[in-house]
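The structure appears right after this line, and notes come after that.
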Amino acid sequence: MNYNSTRNKNTVVTASQAIAQGISEEGGLFVPQSLPKYSIEDIKSLAAADYRGRAKKIFGDFLGDFTEQEISESVDAAYTVEKFGSENPAPISYIESGSTKMSILELWHGPTCAFKDMALQILPHLLTKSLSKTYAGKEAVILVATSGDTGKAALEGFKDVDGTRIMVFYPVNGVSPMQKRQMATQKGSNVSVVAIEGNFDDAQTGVKKIFTNSGIKAKLAENNKLFSSANSINWGRLLPQVVYYFSAYCDMVNEGKISLGDKINVVVPTGNFGNILASFYAMNMGLPVNKFICASNSNNVLTDFIRTGTYDKQRKFYTTISPSMDILVSSNLERLLYHLTDGNAEKVADWMGKLSSEGKYTVDEDVKAKLASLFYGGFCDDENTQKTIAELYKEENYLCDTHTAVAVNVYQQYVEETKDLTPAVIASTASPYKFAKSVLEAVSDDELPGDEFSMVEELSAKTKTPVPAPLASLRDAQVRFTLECRVDEMPDVVLESLSIK
Ligand SMILES: *Cc1c(COP(=O)(O)O)cnc(C)c1O
């Protein structure tokens with residue numbers, strides 16, 4: 001199994017090259033040349049395995065130049081009971097609200113309390129193995145732009161991993177206080193964290209520019225280093241996410257919620273389009289999916305795109321209470337376009353060129369039609385997000401975070417509009433305690449206490465739910481990182497921190 005670039009069909013790399021490089025030379029993203037196909041019988045045998053067993057099978061089918069043992073070691077090291085709290089790292093909570101049934105796939109039981117752990121606990125294992133195959137002896141410098149959760153999950157995954165250095169850039173006013181504290185207190189000898197003046201898109205663009213700057217790349221090469229990426233543009237981030245959609249389906253079959261072969265709807269609170277794209281890959285491999293429901297907050301560029309076929313990033317940027325979705329340029333959409341055009345790299349390169357030069361592009365009628373038949377796009381503002389949290393808590397006694405609430409709200413809009421009651425899997429992407437202020441405000445009429453940790457405690461007392469241990473321990477953790485910089489200073493900050501300026 002090899003990989004092409006979305007912008008150049010002549011680029012062909014192995015799995016380990018795709019993971020080590022992160023992004024293709026000409027700025028395209030790596031996509032599998034073909035997909036393994038699973039029959040219902042294959043899904044039945046996946047259902048007989050546990051999460052790690054399912055992961056090993058799927059990884060094995062994609063990582064052509066990895067040995068079985070390498071895959072097995074990586075999976076066993078990543079998805080442990082110690083890290084995820086139980087044998088199943090992605091359990092489902094079933095909720096019935098009126099005639100709608102929701103299967104809430106909780107992806108946030110890992111060490112940083114967001115779904116990013118599902119991929120970033122295994123990526124360091126895949127990446128170090130990839131590097132030893134392709135660039136033996138070189139140090140990987142991992143640059144990460146984050147809207148909050150990726151940064152912490154990447155830091156936690158890569159801390160003190162031999163042969164790696166990791167630098168995280170986050171928008172100074174674009175993350176929650178808990179997210180900021182998680183990153184500023186990060187332990188490890190190979191980590192740095194920098195706040196940038198700008199929003200997430202500025203951070204992401206800044207990082208992409210550094211990646212493709214030949215002067216900086218040459219300097220790294222002289223010093224026996226190379227750049228790599230832990231953002232969801234890296235194939236090694238997406239692949240682990242394919243696993244939990246299959247796993248959720250298997251669990252639902254095993255738990256008698258659906259029968260083998262039944263279709264499901266998949267609902268995903270979306271930012272960079274990584275999580276929902278993973279479910280699209282799962283469907284193309286044989287997972288029975290009826291509809292993908294793409295949920296956005298007020299930054300509803302994807303809703304408009306799905307409905308009109310025009311992607312237009314020139315619009316007001318909103319800072320919302322679901323900050324991990326405050327994104328106007330959804331990088332992974334590029335992969336979807338590649339697949340919906342049956343691998344037309346020229347067309348994709350043209351659209352991406354237009355996006356950066358004119359700020360928008362419009363897809364062809366046939367792509368638009370495919371989009372509309374597969375996807376439903378909807379959005380939900382902050383007020384309705386909090387209303388949804390309150391309702392779900394009061395009526396179903398289920399506490400969810402702001403991102404998950406956006407998904408639930410958009411799903412309710414979808415059901416209202418279409419009356420489609422296909423069983424729905426809703427991706428729950430963060431612990432409510434990561435966004436304690438907005439969640440507490442939603443479920444409590446009392447005046448809010450002043451600081452973040454008092455809010456966390458009050459949320460716990462009020463809802464009788466436990467504070468996740470990794471967040472509770474942050475209260476007394478020491479702040480290690482306070483640096484802020486402008487976007488144009490990012491290259492210098494990187495070189496300085498590597499002491500090769
Ligand atoms: C990253 C993130 C999202 C968005 O996921 P994408 O893969 O970027 O679409 C949603 N919710 C939370 C909590 C996140 O951390």
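The values are calculated or read from the model by the stated rules, or taken from the named source; none is laboratory data. These numbers come from a predicted model, not from an experiment. FYI the Cβ positions are ideal-geometry reconstructions off the backbone, even for glycines, and counts take in every protein chain you see.
Annotation: of all residues in segment 143-178 being of a type in the set (A, V, I, L, M, F, W, C), in a strand (DSSP E or B) and away from the ligand (no atom under 16 Å from the Cβ), the one that is modelled with the lowest pLDDT is 143.
Filter segment 309-327 for residues that are without any contact (Cβ under 8 Å) to a residue 24 or more places away in the chain and not hydroxyl-bearing (Ser, Thr, Tyr); which is nearest to residue 434 (Cα to Cα)? The qualifying residue nearest to residue 434 (Cα to Cα) is 316. The residue of segment 102-142 that is farthest from the ligand (Cβ to nearest atom), among those that are among the hydrophobic types (A, V, I, L, M, F, W, C) and part of a loop (DSSP other than H, G, I, E, B), is 136. Checking 398, 393, 411 one by one, the residue that is out of contact with any strand residue (DSSP E or B) (no Cβ under 9 Å at 6 or more places or on another chain), in contact (Cβ under 8 Å) with a residue 60 or more places away in the chain, farther than 21 Å from residue 148 by Cα and of a type outside the set (Val, Ile, Thr) is 393 and no other. Of all residues in segment 271-287, none that is more than 13 Å from residue 43 (Cα to Cα) and more than 8 Å from the ligand (Cβ to nearest atom) has its Cβ atom under 7 Å from the Cβ atom of a residue that is of a type in the set (Asp, Glu) and outside any helix (DSSP H, G or I), 6 or more apart or on another chain.
Can you go through 442, 477 and tell me which one is of a type in the set (Gly, Ala, Ser), without any contact (Cβ under 8 Å) to a residue 60 or more places away in the chain and more than 23 Å from residue 197 (Cα to Cα)? Just one listed residue meets the conditions, 442.
Of all residues in segment 328-376, those being under 19 Å from residue 313 (Cβ atoms), in contact (Cβ under 8 Å) with a residue 60 or more places away in the chain and of a type in the set (Gly, Ala, Ser) number 3. Within segment 339-361, identify whether any single residue is at pLDDT 95 or above and within 30 Å of residue 98 (Cβ to Cβ), and answer yes or no. For segment 339-361, residues at pLDDT 95 or above and within 30 Å of residue 98 (Cβ to Cβ): absent. If you filter segment 129-166 down to residues that are under 24 Å from residue 182 (Cβ atoms) and among the polar types (S, T, N, Q), you find that the one that is nearest to the chain's Cα centre (by Cα) is 150.
Within segment 381-407, restricting attention to residues that are assigned to a helix (DSSP H, G or I) and under 18 Å from the mean Cα position of the chain (by Cα), the residue that is farthest from residue 295 (Cα to Cα) is 402.
The set of residues from segment 268-290 being buried (at least 24 other Cβ atoms within 10 Å of the Cβ) and in a loop (DSSP other than H, G, I, E, B) comprises 270, 271, 272.
Scanning segment 411-428 for residues being within 16 Å of the ligand (Cβ to nearest atom) and either of a type in the set (Asp, Glu) or touching a helix residue (DSSP H, G or I) at 6+ places or on another chain (Cβ under 7 Å) (or both) gives a total of 4. In the set (1) modelled with pLDDT under 95; (2) more than 10 Å from the ligand (Cβ to nearest atom), residue 327 fails one condition alone, (2). When residue 199 is tested against (1) within 24 Å of residue 108 (Cα to Cα); (2) buried (at least 18 other Cβ atoms within 10 Å of the Cβ); (3) among the polar types (S, T, N, Q), only condition (1) is not met. Note on segment 229-254: among residues that are among the small types (Gly, Ala, Ser) and touching a helix residue (DSSP H, G or I) at 6+ places or on another chain (Cβ under 6 Å), the one that is surrounded by the most Cβ atoms within 10 Å (Cβ to Cβ) is 230. Here residue 70 does not fit the description of being exposed (fewer than 15 other Cβ atoms within 10 Å of the Cβ), not in a strand (DSSP E or B) and not aliphatic (A, V, I, L, M).
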